[in-house]
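The values are calculated or read from the model by the stated rules, or taken from the named source; none is laboratory data. As the structure is a prediction and not an experimental result, all values here were calculated from the model. Every residue, glycine among them, receives a Cβ derived from its backbone with ideal geometry; neighbour counts consider all protein chains shown.
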Ligand code: ARG
Ligand code: ZN
């Protein structure tokens with residue numbers, strides 16, 4: 001392989017391709033080590049093109065033959081692609097290349113997973129299949145012929161013919177190459193049908209390896225619900241005769257929205273009560289919806305270039321969160337999304353990897369499939385909807401589909417439909433796309449003569465490449481409560497547009513208690529000096545369930561921070577309020593479970609850091625332990641009853657109500673385990689008839705260091721199931737005490753079933769280690785060394801997954817000099833690795849700077 005210095009690509013350099021692609025015909029002669037791909041592509045030169053070079057991307061391809069209009073040509077080939085003299089009139093390009101799916105451990109392009117052929121082309125994998133203008137703004141219809149011995153041969157679009165050893169597919173919808181897919185294997189389908197609102201009959205299939213056919217029913221239900229929901233809520237109908245989903249064991253990401261042929265990481269589609277937890281079921285439902293929704297937001301309207309990734313991802317995440325809110329509890333979904341946002345996106349936005357929702361440069365686009373593009377991208381849509389209102393949002397989105405169907409678009413196109421349909425100027429709003437970093441809003445208030453004044457002051461800290469930030473428009477939803485807990489002003493959206501701005505509320509008989517940023521109306525950090533008494537008041541009375549939870553969460557954080565900094569005992573008032581809430585049967589169990597869930601240790605570390613302290617992961621861990629122990633002891637009398645009351649009887653069902661109850665039950669069990677030494681957990685483990693309670697019992701036992709026997713029986717029971725084995729690997733590391741986590745993770749990497757080539761297995765162990773804050777950062781740096789050894793080894797096989805995992809180091813500058821020194825050594829070790837991939841090199845460079 002030829003070495004080239006990593007190249008930076010800029011948004012400002014965008015130039016359209018100088019040729020239109022009129023049609024693509026591909027023939028695949030499948031063979032594990034030497035697949036032949038024959039392409040026949042019609043090009044029309046664009047007379048007005050600025051760049052007339054006929055350049056086709058192509059990587060790791062063996063060019064066998066190339067022709068233009070039937071005449072052999074000899075293009076100039078580099079490791080990135082080829083250039084060739086091209087006619088000025090429409091012409092036909094034909095090429096034959098050879099590729100090696102078996103040797104493809106990067107899992108990008110055409111590769112093999114457990115004996116089946118599959119593809120992953122987003123973002124730039126198609127260039128590893130054949131020579132092509134592999135860019136999202138080049139769209140064409142595809143006709144595909146697959147020749148192979150496998151029983152099932154699939155591609156995009158509708159089937160147009162098949163016979164012994166071959167199948168043909170035609171996709172009538174023009175698409176970019178990143179949406180191309182091919183699957184071939186001895187697969188079994190779980191079939192169903194769907195009739196669209198205009199009466200079109202669609203064949204649905206979930207394709208799996210033999211043995212997994214009993215794990216498809218839930219995914220199929222989720223697909224049908226998604227199809228119906230998109231018709232009902234967005235008026236969007238499916239547009240082919242067939243929709244296929246395939247489960248693949250080796251996959252870098254969650255899933256992929258290839259036109260008519262979605263490919264899923266098997267962990268994101270296969271579900272059964274015995275092998276999947278409630279959390280798995282919920283995630284599967286959401287991901288199936290996400291990929292299906294891409295059919296319109298991503299496929300029918302795609303991105304002009306990869307800088308616009310949030311155009312499809314932010315919008316589609318927003319849509320799948322709306323779907324989950326409708327299918328389950330909207331308030332529980334909102335709280336969970338904010339926990340996730342703070343855990344992943346805020347960490348990114350406040351460290352060396354901070355980037356804009358629409359970045360302006362990159363080296364490797366795969367490094368930008370981030371929480372900022374996806375989750376903050378979705379938050380931006382949510383703010384836009386809140387600012388313009390629900391009806392205006394619906395109108396603008398309808399205009400978007402009407403105006404841009406079949407096009408490759410930009411964020412400007414998206415904002416323009418809102419400007420045109422509402423008359424609103426969104427230039428200040430667009431800063432949400434162009435400025436990185438999490439805004440801070442400082443809140444102060446004042447009351448005099450019946451008038452309450454709320455003053456909001458915004459600022460955004462510097463991020464790499466962006467020292468100064470302008471004020472943005474921020475929707476801040478506010479309600480006011482009276483001293484008795486009644487709402488004296490209903491929720492109103494304040495539009496903060498200035499650096500500092502005051503809002504008044506008149507005609508109040510006494511100073512109200514404000515409930516600010518209801519529903520978490522903007523992805524910001526609120527800074528408000530207030531008393532624990534006021535927080536406890538909101539925890540008891542706020543009518544906005546997000547802020548009610550938030551009040552409890554803030555109390556939980558402040559109490560732990562006082563424990564860490566001053567050696568304080570757990571805050572007694574907070575404990576009382578918490579216990580009251582957990583015992584309150586009138587409240588939704590899922591909500592009680594969220595109130596009971598501790599603030600993340602990473603979040604505490606970040607807060608301490610921002611307040612000028614150096615976080616000590618061990619001290620944060622100890623505070624969490626002490627808090628939980630104190631809580632358990634204070635609840636000694638009620639825990640057994642609560643455990644019994646929240647135990648779900650009868651046959652397992654993954655519905656939201658049962659799942660919420662089980663979630664609370666799991667938290668109660670973990671407290672109970674602190675008192676009974678694991679007796680109840682052992683009983684629960686022995687009696688378990690579904691994975692949610694089996695997994696919960698094992699977790700409690702492992703945490704108490706009492707689970708050796710159950711861990712062994714779990715292994716014996718499930719060693720034949722890859723997805724359950726991922727749980728077994730991950731749970732042990734996640735539950736390990738800080739001093740033991742790295743050693744245990746290292747042992748697990750030597751286990752016969754550890755397979756670095758399988759991203760799920762690698763993440764199960766290394767991801768769990770990175771998430772175990774006190775374990776990963778345990779004094780001495782064994783965790784850092786282990787992770788680094790594994791990252792370096794994996795980079796040679798799978799750059800994409802390696803690069804993503806480097807983010808474990810993104811918070812390194814929070815910590816003390818010793819830890820920073822240890823981490824720097826490891827980062828430099830990665831950076832100094834010979835033949836390091838472009839993916840990992842970009843990540844490490846950004847983290848180090
Ligand atoms: N578009 C996919 C999704 O969000 C993600 C695929 C990303 N793959 C990658 N290799 N970067 O549903
Ligand atoms: Zn997506």
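Against the numbered list (1) farther than 24 Å from residue 318 by Cβ; (2) out of contact with any strand residue (DSSP E or B) (no Cβ under 7 Å at 6 or more places or on another chain); (3) surrounded by fewer than 18 Cβ atoms within 10 Å (Cβ to Cβ); (4) modelled with pLDDT of 95 or more, residue 497 comes up short only at (1). Scan region 224-244 and give yes if some residue there is within 14 Å of ligand 2 (Cβ to nearest atom), closer than 30 Å to residue 648 by Cβ and out of contact with any strand residue (DSSP E or B) (no Cβ under 9 Å at 6 or more places or on another chain), otherwise no. Within region 224-244 (the criterion being within 14 Å of ligand 2 (Cβ to nearest atom), closer than 30 Å to residue 648 by Cβ and out of contact with any strand residue (DSSP E or B) (no Cβ under 9 Å at 6 or more places or on another chain)), the answer is yes, since at least one residue qualifies. For region 264-307, filtering for residues that are in a helix (DSSP H, G or I), more than 13 Å from ligand 1 (Cβ to nearest atom) and either over 21 Å from residue 658 (Cβ atoms) or more than 15 Å from the chain's Cα centre (by Cα) (or both) leaves 5.
Condition (residue is touching a strand residue (DSSP E or B) at 6+ places or on another chain (Cβ under 8 Å) and within 16 Å of ligand 1 (Cβ to nearest atom)) applied to region 323-346: is it met by at least one residue? Reasoning before the result, please.
Taking region 323-346 first, the residues touching a strand residue (DSSP E or B) at 6+ places or on another chain (Cβ under 8 Å) are 346.
Filter once more, so that each one left must be within 16 Å of ligand 1 (Cβ to nearest atom): none.
No, region 323-346 has no match at all.
Filtered by the rule that a residue be surrounded by 14 or more Cβ atoms within 10 Å (Cβ to Cβ) and over 20 Å from residue 428 (Cβ atoms), region 456-476 gives a lone residue, 464. Answer yes or no as to whether residue 192 is under 27 Å from residue 254 (Cβ atoms) and assigned to a loop (DSSP other than H, G, I, E, B). It is false that residue 192 is under 27 Å from residue 254 (Cβ atoms) and assigned to a loop (DSSP other than H, G, I, E, B).
Consider region 641-655 and keep the residues that are assigned to a helix (DSSP H, G or I) and in contact with a helix residue (DSSP H, G or I) (Cβ under 7 Å, 6 or more places away or on another chain). The one that is farthest from residue 694 (Cα to Cα) is 642. It is to be established whether one or more residues within region 811-824 are modelled with pLDDT of 95 or more, part of a loop (DSSP other than H, G, I, E, B) and buried (at least 22 other Cβ atoms within 10 Å of the Cβ). Scanning region 811-824, I find at least one residue that is modelled with pLDDT of 95 or more, part of a loop (DSSP other than H, G, I, E, B) and buried (at least 22 other Cβ atoms within 10 Å of the Cβ), so the answer is yes.
Quick check on residue 403: is it over 23 Å from residue 322 (Cα atoms), outside any strand (DSSP E or B) and under 27 Å from the mean Cα position of the chain (by Cα)? Spell out the reasoning first.
Details: over 23 Å from residue 322 (Cα atoms): yes; outside any strand (DSSP E or B): yes; under 27 Å from the mean Cα position of the chain (by Cα): no.
Judged against the criteria, residue 403 is not a match.
Scan region 305-327 and report the pairs whose first residue is free of Cβ contacts under 8 Å to residues at least 24 places away in the same chain and more than 17 Å from residue 287 (Cα to Cα) and whose second residue is more than 12 Å from ligand 2 (Cβ to nearest atom) and assigned to a helix (DSSP H, G or I), with Cβ atoms within less than 7 Å and a gap of 6+ or a chain change. Close Cβ pairs (under 7 Å, with a partner that is more than 12 Å from ligand 2 (Cβ to nearest atom) and assigned to a helix (DSSP H, G or I)) do not exist here. Residue 324 passes every criterion in (1) assigned to a loop (DSSP other than H, G, I, E, B); (2) within 16 Å of ligand 2 (Cβ to nearest atom); (3) in contact with a helix residue (DSSP H, G or I) (Cβ under 7 Å, 6 or more places away or on another chain) apart from (1).
For region 76-101, taking the residues that are touching a residue at least 60 places away in the same chain (Cβ under 8 Å) and buried (at least 16 other Cβ atoms within 10 Å of the Cβ), the one that is farthest from residue 210 (Cα to Cα) is identified as 86. Scoring residue 727 on the criteria (1) crowded, with 22+ Cβ neighbours inside 10 Å; (2) farther than 30 Å from residue 623 by Cβ leaves a single failure, condition (2). Would you confirm whether any residue within region 563-582 is in a helix (DSSP H, G or I), modelled with pLDDT of 95 or more and within 21 Å of residue 438 (Cα to Cα)? There is no residue in region 563-582 that is in a helix (DSSP H, G or I), modelled with pLDDT of 95 or more and within 21 Å of residue 438 (Cα to Cα).
Looking only at region 445-455, which residues are in contact (Cβ under 8 Å) with a residue 24 or more places away in the chain and surrounded by fewer than 18 Cβ atoms within 10 Å (Cβ to Cβ)? Write out each step before concluding.
Of all residues in region 445-455, those in contact (Cβ under 8 Å) with a residue 24 or more places away in the chain come to 445, 447, 450-455.
447, 450, 451, 453, 455, listed by residue number.
Residues in region 750-760 that are without any contact (Cβ under 8 Å) to a residue 60 or more places away in the chain and farther than 19 Å from residue 712 by Cβ: 755, 756. Suppose the filter is away from ligand 2 (no atom under 15 Å from the Cβ), over 17 Å from residue 383 (Cβ atoms) and touching a residue at least 60 places away in the same chain (Cβ under 8 Å); does residue 341 pass it? So residue 341 fails the test.
Kindly check whether there is at least one residue in region 301-308 that is surrounded by fewer than 22 Cβ atoms within 10 Å (Cβ to Cβ) and more than 15 Å from ligand 2 (Cβ to nearest atom). Yes, region 301-308 contains a residue that is surrounded by fewer than 22 Cβ atoms within 10 Å (Cβ to Cβ) and more than 15 Å from ligand 2 (Cβ to nearest atom).
Of the residues making up region 728-742, those that are touching a helix residue (DSSP H, G or I) at 6+ places or on another chain (Cβ under 7 Å) and free of Cβ contacts under 8 Å to residues at least 60 places away in the same chain are 728, 729, 730, 731, 732, 733, 734, 735, 736, 741, 742.
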